Every structure is written in C-alpha cells, then in structure tokens.
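One structure below.
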Amino acid sequence: MAQVAVLVDGSFFLKRYVYTYGRNHSPEKTATDLFTMCLKHLEGKYNDTLYRILFYDCPPFEGKPNNPITGKAIDFSKTDLYTFRVKFYQELLKKRKIALRRGRLVSAGGWIIKPDPMKELLHRTKAISDLTENDVRYDLRQKGVDMRMGLDIASIAYKRLANKIILVTGDADFVPAAKLARREGIDVVLDPMWQPVSRDLFEHTDGLHSTCPQPLASTKRT
C-alpha cells in the first residue's frame, strides 16, 4: 500500500489539457477531469491512499497595460482567460484533498511580438506598419511556482508524508528535487500527459504513466 501525493504543474496541465481533452471545456469540467486524472494514479489492487493533490499556478494577471499598436488599454481582469482561471480555482477547491500553491505573475518587460509575425518581419514579408493588435502579447513570467513545488517534494520526502509522488509536468527543472526524493526512498512517477520528455527527466524518475486520454498523433507535440 502506498500513500500517494500528486503534484501538478498547473501551467503545464492547462496547456496539455487542450491536446488531451479538447478545447472549450468549462471550468467545472476541467477541474473534474484533473481530479479524475489524478485519482487514476491510485492503484486499487494495492489499496493506495491519497495524501493530497497539490496544484501549482499563478493567479491570473489583473493589470491594464496599453497595447502598443492601438494605444488602447487592455483590462486583463475582464478577459475570458481571467474569468476561466478564477472559476477553475474555485471549482478545484471544492474537490476533496486538493490544495492550491500560488506563485505570482510579473511583467517580463512589456509587450512582445508573437513568433509568427516576428518570422514574417524577419523574412520581410510583413512591415512594422502592418502589425495589428493581435500580433503582440504582454510578456509575463511566473515567479515562485517552481520553488514551491521543489520545496514540497523535499518536505514530503523528508517528513515521510507519502511514499509515492506523482509529478504532472514535463519540466526538467524538477530533476534535482526528483533525485532528492528518490534518494530518500520515495517512488517518483512522472505523468507528462503523453508529451515526450527529455532523457534527463526520464532518467531520474521511476517511470512514466499518463492517465489522461491519449491525443491524436498530430496533436501530441505542443
């Protein structure tokens, strides 16, 4: 029997969710799908028990920066993304044994040109004057999420809060924390939601097991 802790990289999950469950799902269904996906990691034949599901993410951005193309102020707190995230967190907190670990979003320098328009500019198939408000995005960076996740992995391992950790992520930055947990005798299983992972990340976990629906071959890569 194993006491199982499931640690979910929230940004990674929400990005991969589109490829595995499809687009345009409600916050309620997204939260339920996450909960179900995590519970599938409990092996019933061994009477595994759930310690906790820890979900790591940043609250949505609430600023009102001016779009550099139109000069128009964009109120991020009134966007569909903001509304979805707030409702999604509320739905998660209704689930048993789920805890949110929140970092923060900070500006990484303002507005940047999106990759496709940038390629067109570099290839001279588009001029600066041709850029539209949809060709740029406000550049934001997560702060504190990876640190919180790494600290929780270490805490679970040292305090023996669980003897099996499921990591829902594809980020190799968690390799040092995974190695520490394994040295402490913790079984560390990676759930990359069917995304290919680096050799380094695969090497320092005790196996791969994705429990969400498998995406079509044409949508496996992000």
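As a summary of the residue check, residue 130 satisfies the conditions (1) within 22 Å of residue 12 (Cα to Cα); (2) of a type in the set (Asp, Glu); (3) out of contact with any Lys or Arg (no Cβ under 8 Å at 6 or more places or on another chain) except for the one numbered (1). What single numbered condition from (1) under 20 Å from the mean Cα position of the chain (by Cα); (2) at pLDDT below 95; (3) closer than 22 Å to residue 152 by Cβ fails to hold for residue 107? With respect to (1) under 20 Å from the mean Cα position of the chain (by Cα); (2) at pLDDT below 95; (3) closer than 22 Å to residue 152 by Cβ, residue 107 is out only on (3).
As a summary of the residue check, residue 96 satisfies the conditions (1) touching a Ser or Thr at 6+ places or on another chain (Cβ under 8 Å); (2) at pLDDT below 95 except for the one numbered (1).
Restricting the range 52-73 to residues that are surrounded by fewer than 17 Cβ atoms within 10 Å (Cβ to Cβ) and in contact (Cβ under 8 Å) with a residue 24 or more places away in the chain leaves a set whose member that is nearest to residue 209 (Cα to Cα) is 59.
Pairing each residue of the range 1-16 that is among the small types (Gly, Ala, Ser) with any residue that is in a helix (DSSP H, G or I), provided the two are 6+ apart or on different chains, yields C-beta distances under 8 Å for 2/46; 5/156; 10/145; 11/145. Of all residues being part of a helix (DSSP H, G or I) and aliphatic (A, V, I, L, M) in the range 3-51, which is surrounded by the fewest Cβ atoms within 10 Å (Cβ to Cβ)? Just the residue, please. Within the range 3-51, the match that is surrounded by the fewest Cβ atoms within 10 Å (Cβ to Cβ) is 18.
When restricted to residues that are assigned to a helix (DSSP H, G or I), surrounded by fewer than 16 Cβ atoms within 10 Å (Cβ to Cβ) and in contact (Cβ under 8 Å) with a residue 60 or more places away in the chain, the range 76-109 contains 2. Taken together, 64, 40, 29 contain a single residue that is under 17 Å from the mean Cα position of the chain (by Cα), farther than 15 Å from residue 100 by Cβ and charged (D, E, K, R), which is 29.
The values are calculated or read from the model by the stated rules, or taken from the named source; none is laboratory data. Everything quoted here is computed from the prediction, not taken from an experiment. Neighbour counts are summed over all protein chains in view; Cβ atoms, including those assigned to glycine, are modelled from backbone coordinates with ideal geometry.
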